[in-house]
There are 2 protein chains.
Amino acid sequence: MSVELKRARINVSLGRQEADLVIKNGNIINVFTKEIIKGDIAVYNDLIVGIGNYSGRKEIDATGKYICPGLIDSHVHIESAMVTPAEFAKAILPHGTTTIIADPHEIANVCGINGIMFMLSNTMELPLNTYIMIPSCVPATSFENNGAHLNPESMESLKAVDRILGLGEVMDYNAILEGNENMLMKVELFDHTTIDGHSPYLSGKELNAYRTSGISTDHECSTVEEAIERLRLGMYVQIREGSAARNLETLVIGLKQKGIGFDRCVFCTDDKHLEDIRREGHISHNIKKAINCGLEPIEAICMATRNAAQCYKLKRLGAIAPGYSADLIILDDLDNFEIDKVFYRGKLVSDKKLLVDINNAIENKSVFNTVRITDLTKEDLTIKLENEEATVIRVTPRDLITKKETAKVSVINGMFVADEKYSKLAVIERHKALHNIGRGIVCGFDVRNGAIATTVAHDSHNLIVIGDNDDDMLLAIREIERVNGGYTVVSQGNVVDTLELPIAGLMSDQPAEYVEEKLKLMLEKAYALGVNKGIDPFITLSFLALPVIPEIRVTDLGLFNVTEFKFIKQ
Amino acid sequence: MSVELKRARINVSLGRQEADLVIKNGNIINVFTKEIIKGDIAVYNDLIVGIGNYSGRKEIDATGKYICPGLIDSHVHIESAMVTPAEFAKAILPHGTTTIIADPHEIANVCGINGIMFMLSNTMELPLNTYIMIPSCVPATSFENNGAHLNPESMESLKAVDRILGLGEVMDYNAILEGNENMLMKVELFDHTTIDGHSPYLSGKELNAYRTSGISTDHECSTVEEAIERLRLGMYVQIREGSAARNLETLVIGLKQKGIGFDRCVFCTDDKHLEDIRREGHISHNIKKAINCGLEPIEAICMATRNAAQCYKLKRLGAIAPGYSADLIILDDLDNFEIDKVFYRGKLVSDKKLLVDINNAIENKSVFNTVRITDLTKEDLTIKLENEEATVIRVTPRDLITKKETAKVSVINGMFVADEKYSKLAVIERHKALHNIGRGIVCGFDVRNGAIATTVAHDSHNLIVIGDNDDDMLLAIREIERVNGGYTVVSQGNVVDTLELPIAGLMSDQPAEYVEEKLKLMLEKAYALGVNKGIDPFITLSFLALPVIPEIRVTDLGLFNVTEFKFIKQ
């Protein structure tokens, strides 16, 4: 940066030169002293340069209003919203989120380094500070085939890239505890940065070992005991409120009751869908909910700003003070966190609605065309059973956990026959046309006269399909192949509807409004096929292949007992 | 670091392998949750790897005792103790200080980059984490000649050197406010690091401008209003308790009364002499005093540990948790902060007294032989006065401030004649034999029948001499030249005593005990010469040439009015 620019900032700060923008007479939230102090905020270019009494070329009267720093989502997977980063930015900016720390492990599982580069280049021009954590567990486990492996050698080149902040959530904690060379090399490579954690239920010595390796955050706490244990070890606890995973109430109320301070707690969404963002907010929702749980507004705001900036060593973010990025929110009301205006680097980006044009033109089309499967026949969907007793996967309402059960199912000629109660599930490897197919029987999904398929299948994102008949299942597979990935609902030989997700088979190239509307319609159609209303068919389906959430899953390599960590027969 | 080492740490953490050391059953101070929790601390090699229930090759029973992290001095000038870093380490380790952040501007003012390299190489092997801030204001001002200039170009090469943490205290705030190119280039060079501040009485827009440039700490707060103003702007306040400057009581009591939290306050000593360290402690004294001011022990400990580590982004310091450096203190008593044992990187270094041998062999002797002056005569010490009314410098007891006064002094043949009341002061450039001599008249020092001289003269460290007669003053100058720098007391044609400080004219190469004892003896001798018992003659003399502390000083270029920032006639 030039000396001239530094000099100009100092001159504006001194009042010798007019500021570009002054937000006048607001009640400024000070995240350092946790006070509210009336004053002007002088902005020059993209930076706050003064707090006090200033005049500017443009002045905005904020009398009676509150000003807080732009919000930081400390851990998010953009791909979960199923839109491009540009569309995601459009969705979250009006809710005050001006910085995100994204872990692109979804697209990395499909496209490897190229997927990470895609996320980097498609966030470069956005009015959103986007930082990337290099995914640490690609593939997530060795019990499945994904699209690419991220090894320490390939990561080395990324370390010094601008906006790469650290190493992403280390979900494979066993690799740490067993001293797996590959994993330890990755952790060592990023030792000078922040390394995110993901260690639900890890405790005692195992948690100590996990922490010793250098991992310093965790967003998977569902109990206050987990949170306290991690805080005591010096980890930052990322309090998550997403679409499926909602831990905020438990943690905020619990920590407050125990008298534990929140200075090392931050907010995140992890995975949040467009509809939920639109309806309730983004990190703004975390704040509102925390206030409703009895937290002081300033404390909640600190978690969404200063604490996150501190955790990730973001020097100029997360506060309203000279030298900080002019990412600001004007609030009409503090206790209800009602957002009036949002500024990003000194520019007004939202005034109760988005004001800026964010181009959804996509850089790097090499992440399209990622569905590669062999021709499949009914033979490939066959589940052979010796007798009527089979291991089934019971899906549970309002939870991602599955139960391993034994049930009497329909068997003809030694082959499982699906019906309304017991659906057939298949996971088809779709990155390199390996012709791997894993199969299972699911109870509690209840699809009738149809099939649902998707390439959003955490974390390897193979093609997962569920149905009560093979014809519809094959049709669903071919439809997914035709559109290069997405969600599809088919019934009785017809495609009912399809949401195309051509970017890596995970994201749409369409506007957010279209995607949200389409998903809503398809949800109705899925329920019309008899899907259990206690579950979200798309979310449930998308997690049935994830072999780290108990108790039982299917990967492209077969039926997997998560608790015992091994493949099993039907 | 090798994967094997990481793996070994994990294994010890898991309890699969014995720890090297376990401190058992102590009451562990948790600086994250601010709790005290009983447990074992497992150490492997130099790192803490587990908190809980562990066994080790060596076990120390800490039942009934308290364990806290090793202490961090966030801002210190080692040279002020007048000994080598090795001797300094010996002095402070038993008091629990295991990390220091040193600003070597004293030696840099004499020896430039070579002085900084001296400090780096002489701290490399010490059992003390020593970090260096690159001095930003060498020379301190343009109103004096020092030994070397540190410009942005010479600093560039130092930036990437291990243990260089950032840019040292920016005392020349005017250079910032005026947009001085040189200064702004330095600040820009270190923009990605921590930049220390020094801005007493700066306030309002000027403080905003100072902060905007990226400066983020300040140790010069003497009032609670200054401290609060800086905290609000996101600066860390370094609460100082040294030998001369003692701000702790005011700041701690004041901030506590105002209900301002201490999470962004840290402790420092800045300048502390050996005798005071021995007598009252080091950062341990800051802690004890803070507790006496009503602060909770844990809060005080946090300021000396976690907060400082956070401020300077020292990832593995300042806490007792897995992955952190095993720098630990076992306390017999918490409320009185009574230290029993001190560990550095897992090694016991003090057990109520220093246990380790620290070699005082000095690396890099090029910083000796730094006194270069021309031959001087009485002529050079002459102060011409037109009449009896002269501007005098009044020294004040217990303060570094001087007062500018007018007084009637003794004048013969148009020349000032010193006496018991009005001493003569001269500052002689001593780095490049420039033959510059600044002169002044001092009131309140009261030396009788003698002279005192030194090369410790902040910040340019020229040769400063005070006396009531020219012969003794010249003798003192020659004595200083003979020993290559130090302090000397002369009287009636004889050298009474001399403390040799041959390292840059600032530090002794002798053991700390010798230096402390010698200084004590010389102090008695100075007082025996009539020096005002309300002042410390050496400290007072050493600050009489510093043209940034009001109101009036003498540099090698003449008599200087600090308030008006210009040279004046006698």
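The values are calculated or read from the model by the stated rules, or taken from the named source; none is laboratory data. Just so it is clear, the structure is predicted and the values come from calculations on it, not from any experiment. With ideal geometry, Cβ positions are generated from the backbone for all residues, glycine too; neighbour counts draw on all protein chains shown.
Numbers at a glance
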{"item": "Qualifying position, being within 14 Å of chain B (Cβ to nearest Cβ) and in contact with a Pro (Cβ under 9 Å, 6 or more places away or on another chain), among A:Ser350, A:Ser325", "result": "A:Ser325"}
{"item": "Count of residues meeting criterion [out of contact with any Gly (no Cβ under 6 Å at 6 or more places or on another chain) and under 20 Å from B:Gly15 (Cβ atoms)] in region A:215-233", "result": "4"}
{"item": "Condition check for A:Gly485: crowded, with 24+ Cβ neighbours inside 10 Å, touching a residue at least 40 places away in the same chain (Cβ under 8 Å) and over 20 Å from A:Ile401 (Cα atoms)", "result": "yes"}
{"item": "Lone unmet requirement of (1) within 14 Å of chain A (Cβ to nearest Cβ); (2) more than 24 Å from the chain's Cα centre (by Cα) for B:Leu334", "result": "(1)"}
{"item": "Residue in region B:78-87 that is more than 14 Å from chain A (Cβ to nearest Cβ), crowded, with 22+ Cβ neighbours inside 10 Å, free of Cβ contacts under 8 Å to residues at least 40 places away in the same chain and within 14 Å of the chain's Cα centre (by Cα) present", "result": "no"}
{"item": "First in region A:346-358 and closer than 17 Å to A:Ala86 by Cα and assigned to a loop (DSSP other than H, G, I, E, B), second anywhere and modelled with pLDDT of 95 or more and among the basic types (Lys, Arg), Cβ under 6 Å, 6 or more apart", "result": "A:Ile358/A:Lys90"}
{"item": "Per-region count, region B:265-306, residues in contact with a Gly (Cβ under 8 Å, 6 or more places away or on another chain) and closer than 22 Å to A:Glu35 by Cβ", "result": "0"}
{"item": "Identity of the residue in region B:510-538, assigned to a loop (DSSP other than H, G, I, E, B) and hydrophobic (A, V, I, L, M, F, W, C), that ends up farthest from B:Lys272 (Cα to Cα)", "result": "B:Leu529"}
{"item": "Among (1) out of contact with any Leu (no Cβ under 7 Å at 6 or more places or on another chain); (2) closer than 30 Å to B:Gly179 by Cβ, the one test that B:Met303 misses", "result": "(2)"}
{"item": "Matching option when the condition is surrounded by 19 or more Cβ atoms within 10 Å (Cβ to Cβ) and in contact with a helix residue (DSSP H, G or I) (Cβ under 7 Å, 6 or more places away or on another chain), among A:Glu275, A:Glu241", "result": "A:Glu241"}
{"item": "Helices (runs of 4 or more DSSP H) enclosed by region A:219-283 - at least 2 residues per element that are in contact with a strand residue (DSSP E or B) (Cβ under 6 Å, 6 or more places away or on another chain)", "result": "A:224-232, A:248-257"}
{"item": "Subset of region A:384-420 (residues that are under 19 Å from A:Gly438 (Cα atoms) and basic (Lys, Arg))", "result": "A:Lys384, A:Arg394, A:Lys403, A:Lys404"}
{"item": "Unique residue being within 24 Å of B:Phe88 (Cβ to Cβ), among the aliphatic types (A, V, I, L, M) and in contact with a Ser or Thr (Cβ under 7 Å, 6 or more places away or on another chain) when the list is B:Ile480, B:Ile552", "result": "B:Ile480"}
{"item": "Hits in region B:153-173 - residues which are modelled with pLDDT under 95 and more than 24 Å from B:Asn561 (Cα to Cα)", "result": "B:Glu153, B:Ser154, B:Met155, B:Glu156, B:Ser157, B:Leu158, B:Lys159, B:Ala160, B:Val161, B:Asp162"}
{"item": "Test for A:Lys90: is it more than 9 Å from every other protein chain (Cβ to nearest Cβ), under 31 Å from the mean Cα position of the chain (by Cα) and among the basic types (Lys, Arg)", "result": "yes"}
{"item": "Residues of region B:380-400 that turn out to be surrounded by fewer than 18 Cβ atoms within 10 Å (Cβ to Cβ), among the β-branched types (Val, Ile, Thr) and either at pLDDT 95 or above or closer than 18 Å to B:Gly558 by Cα (or both), as a count", "result": "1"}
{"item": "Residues of region A:364-379 that turn out to be part of a loop (DSSP other than H, G, I, E, B) and either in contact with a Pro (Cβ under 6 Å, 6 or more places away or on another chain) or crowded, with 16+ Cβ neighbours inside 10 Å (or both), as a count", "result": "6"}
{"item": "Scan of region B:404-433 for residues that are in contact with a strand residue (DSSP E or B) (Cβ under 9 Å, 6 or more places away or on another chain), over 17 Å from B:Ile466 (Cα atoms) and surrounded by 13 or more Cβ atoms within 10 Å (Cβ to Cβ), ordered by number", "result": "B:Lys404, B:Glu405, B:Ala407, B:Val411"}
{"item": "Number of the condition not met by B:Ser142 [criteria: (1) touching a Ser or Thr at 6+ places or on another chain (Cβ under 9 Å); (2) surrounded by fewer than 24 Cβ atoms within 10 Å (Cβ to Cβ); (3) within 30 Å of B:Gly558 (Cα to Cα)]", "result": "(1)"}
{"item": "Verdict on A:Arg394 being more than 22 Å from the chain's Cα centre (by Cα), basic (Lys, Arg) and assigned to a strand (DSSP E or B)", "result": "yes"}
{"item": "Test for B:Asp468: is it modelled with pLDDT of 95 or more, touching a strand residue (DSSP E or B) at 6+ places or on another chain (Cβ under 7 Å) and surrounded by fewer than 23 Cβ atoms within 10 Å (Cβ to Cβ)", "result": "no"}
{"item": "Candidates B:Thr217, B:Thr223, B:Thr212, filtered to the one that is in contact (Cβ under 8 Å) with a residue 24 or more places away in the chain, polar (S, T, N, Q) and within 22 Å of A:Leu317 (Cα to Cα)", "result": "B:Thr217"}
{"item": "Exclusive hit being crowded, with 21+ Cβ neighbours inside 10 Å, out of contact with any Lys or Arg (no Cβ under 6 Å at 6 or more places or on another chain) and within 14 Å of chain A (Cβ to nearest Cβ), set B:Ile260, B:Ile228, B:Ile287", "result": "B:Ile260"}
{"item": "Subset of region B:238-256 (residues that are within 14 Å of chain A (Cβ to nearest Cβ) and touching a Phe, Trp or Tyr at 6+ places or on another chain (Cβ under 9 Å))", "result": "B:Leu255, B:Lys256"}
{"item": "Subset of region A:550-570 [modelled with pLDDT of 95 or more, touching a Lys or Arg at 6+ places or on another chain (Cβ under 9 Å) and not in a strand (DSSP E or B)]", "result": "A:Asp556"}
{"item": "Members of region B:1-36 found to be within 7 Å of chain A (Cβ to nearest Cβ) and part of a strand (DSSP E or B), listed by number", "result": "B:Asn30"}
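Each row is one residue, and each column tells you yes or no for (1) in contact (Cβ under 8 Å) with a residue 24 or more places away in the chain; (2) crowded, with 22+ Cβ neighbours inside 10 Å.
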| site | (1), (2) |
| --- | --- |
| A:Val489 | yes, yes |
| A:Ile535 | yes, no |
| A:Ala545 | yes, yes |
| A:Ile549 | yes, no |
| A:Val554 | yes, yes |
| A:Leu557 | yes, no |
| A:Thr563 | yes, no |
| A:Lys566 | no, no |
